[in-house]
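Structure first, then comments.
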Amino acid sequence: MNWQALLPLIGLLLIIFGVGIWAGKYIKFSNTFLQDYFLGGRSLGGFVLAMTMTATYGSASSFIGGPGTAYTEGLGWVLLAMTQVSTGYFVLMVLGKKFAIMTRKYKALTMVDFLKERYQSKWVVLISAFSIIIFLFSAMAAQWIGGARLIESLVGIPYTTALFIFALLVLIYVVIGGFRAVALTDAIQGTIMFIGTLILLIATIIAGGGISNIISDLNAENPNLITPYGAEGTLSPAFVSSFWILVGVGVVALPQITVRAMSYRDSRSMHRAIIIGTIVVGVIMLNMHLIGVFARPILPSIEVGDKVMPLIALEVMPNWLAGIVLAAPMAAIMSTVDSLLLLVSSSVVKDVYLNYMEPNASHQRVKRLSIGVTATLGVIVFLMALNPPDLIIWLNLFAFGGLEAAFIWPIVMGLYWRKGNKYGALASMVTGIGLYVLSDTFFPQPFGLHSVVLPVVVSFFAYVLVSLGTQNDSVSEAPS
Amino acid sequence: MKHENRSDNDPRYKVANREALIGVGLVIFNFIWWFAFAYGLGGKDPSEYTYVFGLPAWFFYSCVLGFVVMAVLVTIVVKKWFVEVPFDEEGDGK
């Protein structure tokens, strides 16, 4: 057991824990409970907003899987990862003020609330709620695996024990503190990610004897590592460019991101968040993936990609510093998990239960249910994560792609195109998800593109054509 | 909930629409910059690469400089053209 590395990590977890419990005090036990628990009372400032968005997205996929894949593929994967810079400004600019204004008008607390008011359709709500529950559930499982892996390789305890510790920590502060706890801990975690990756990158460059040296080592091992095409030359421009949709602009449709786009206090917070978010996402993505690539000449034979980050940290830095820096990926995973957990729970309680099962449930009951569902979900994910697959990144991306294909047009067109209606939204969601699952299973890379691209394009036409074709049936359903 | 003002008459939505278009414009610019440098300079054989600060030139211009340019551009655009509007109305919420 590596106590020197472990102590700083424990310290960090305690701080996060404390913040979560402190935030829990703010939750009023009144009729604003739901707004407080699931949306933090719409009070986020610019810095916290930027950080919580970054931290939610900069998840295990990018933090553990990302550097691992960069280690295998070389600079081509860093190029791919940099497509995520666009999320920093694009999401808030496009959802932007219109989404903030409309969700306040509708008194929406979740993305599904927005869709419900905009389209006035039970089926839109049910399909959305269930796709969120299913897809985010698998994303969450992937994240927990990442978290447990990290503890496993850092501390040297068995995977199951690690998973248990991780699950317990996250569950307690999410259950108690709700969205405000999640957003505040995200801000701390985002800051740690920012500084942690910076220190680790510098330490890695020094250990590798400077950038030029590292690049020529890579070149000597396999020249493909320093091209944009990946180690085997398999990363085609079309495939890599597809990630502009998957991890770039498509992110506007991820429920855990959109919920943040309704949680900020005012325009000023939003403006600040755009600037801070762009810079922070860019720095973190660039550093983190470069670390993966630069680790290769230093530690040439790592088998499991997920372990690159912890191993390189322990290699190039003193143990105590590695402990502090490794809090960064830990932070990334926790901040994604906590958001997803809360979101799935809000879907169950708010979107399904309150809408269709028991609209008049008492506040006391809603509160108990929210907390109970959050806790139960956590336990189920824990059980699922006990038997994990090896590379978590693909599992994770599958979930995100599915949600993007489902929601991108119902949200974006719902905001900016008055003629869009429930039939269009339904057609778009069904086409998006159906085609994505089919295409991912049977034609993994149609035309050399990532399987998310085609469903997104086709579901756009489904939305527009079906909406236009059914104009007469839904005269009065444009947003008022 | 019925509101009298139709969505397209709300002056705040004009601001919102314009800013959304700016976002789309920025992303297109970002993509072109990223793609042109990566595959324009990186498409050659690695033995012909030139280097900037030890990094292959394609990577430096596409990923490092490209990111810096975007950060600066976003800052300028937000400071200059983004308008502050209130989100609440009719005294609902605080």
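The values are calculated or read from the model by the stated rules, or taken from the named source; none is laboratory data. Please read all numbers here as calculations on a predicted model, not as lab measurements. Using ideal geometry, Cβ is built from the backbone for each residue, glycine included, and neighbour counts are taken over all protein chains shown.
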Restricting region B:35-58 to residues that are more than 7 Å from chain A (Cβ to nearest Cβ), assigned to a helix (DSSP H, G or I) and of a type in the set (A, V, I, L, M, F, W, C), the residue that is farthest from A:L225 (Cα to Cα): B:A36
Looking for something part of a helix (DSSP H, G or I) and over 17 Å from A:F194 (Cβ atoms) - is there at least one such residue anywhere in region A:325-337? yes
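Each row is one residue, and each column tells you yes or no for (1) at pLDDT 85 or above; (2) buried (at least 24 other Cβ atoms within 10 Å of the Cβ); (3) within 14 Å of chain B (Cβ to nearest Cβ).
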{"site": "A:A203", "(1), (2), (3)": "yes, no, no"}
{"site": "A:S212", "(1), (2), (3)": "yes, no, yes"}
{"site": "A:T227", "(1), (2), (3)": "yes, yes, yes"}
{"site": "A:R268", "(1), (2), (3)": "yes, no, yes"}
Does A:A167 satisfy the condition of being at pLDDT 80 or above and surrounded by fewer than 24 Cβ atoms within 10 Å (Cβ to Cβ)? yes
Could you grab the pairs with beta carbons closer than 8 Å, sequence gap of 6+ or different chains, first residue in region A:323-336 and among the β-branched types (V, I, T), second one not in a helix (DSSP H, G or I)? A:V325/A:M317; A:I333/A:S59; A:T336/A:G58; A:T336/A:S59
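Here is a yes/no grid of residues against (1) under 27 Å from A:W22 (Cα atoms); (2) of a type in the set (A, V, I, L, M, F, W, C); (3) modelled with pLDDT under 80:
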{"residue": "A:A70", "(1), (2), (3)": "no, yes, no"}
{"residue": "A:L95", "(1), (2), (3)": "no, yes, no"}
{"residue": "A:L109", "(1), (2), (3)": "yes, yes, no"}
{"residue": "A:D113", "(1), (2), (3)": "no, no, no"}
{"residue": "A:S121", "(1), (2), (3)": "no, no, no"}
{"residue": "A:S128", "(1), (2), (3)": "no, no, no"}
{"residue": "A:A142", "(1), (2), (3)": "no, yes, yes"}
{"residue": "A:I145", "(1), (2), (3)": "no, yes, yes"}
{"residue": "A:Y173", "(1), (2), (3)": "yes, no, yes"}
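Being in a loop (DSSP other than H, G, I, E, B) and without any contact (Cβ under 8 Å) to a residue 12 or more places away in the chain is the filter; apply it to region A:204-245 and report the residue that is farthest from A:V85 (Cα to Cα). Spell out how you get there, then give the answer.
Residues of region A:204-245 in a loop (DSSP other than H, G, I, E, B): A:208-210, A:222, A:227-236.
This time we only want the ones that are without any contact (Cβ under 8 Å) to a residue 12 or more places away in the chain, so: A:209-210, A:232-234.
On the way: A:G209: 28, A:G210: 26, A:E232: 26, A:G233: 24, A:T234: 23 Å.
My answer is A:G209.
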Please state which one of A:T185, A:T160 is in contact (Cβ under 8 Å) with a residue 12 or more places away in the chain, surrounded by fewer than 20 Cβ atoms within 10 Å (Cβ to Cβ) and assigned to a helix (DSSP H, G or I). A:T160
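Condition check ((1) surrounded by fewer than 24 Cβ atoms within 10 Å (Cβ to Cβ); (2) out of contact with any Ser or Thr (no Cβ under 7 Å at 6 or more places or on another chain)) across all residues:
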position	(1), (2)
A:I274	no, yes
A:G277	no, no
A:I302	yes, yes
A:G305	yes, no
Give just the number: which of (1) more than 17 Å from A:M51 (Cβ to Cβ); (2) β-branched (V, I, T); (3) under 18 Å from the mean Cα position of the chain (by Cα) does A:T227 not satisfy? (3)
Residues satisfying the stated conditions in region A:65-113, i.e. farther than 17 Å from B:N17 by Cα, of a type in the set (A, V, I, L, M) and at the interface with chain B (Cβ under 8 Å from one of its Cβ atoms): A:L75, A:V78, A:L79, A:M82, A:V85
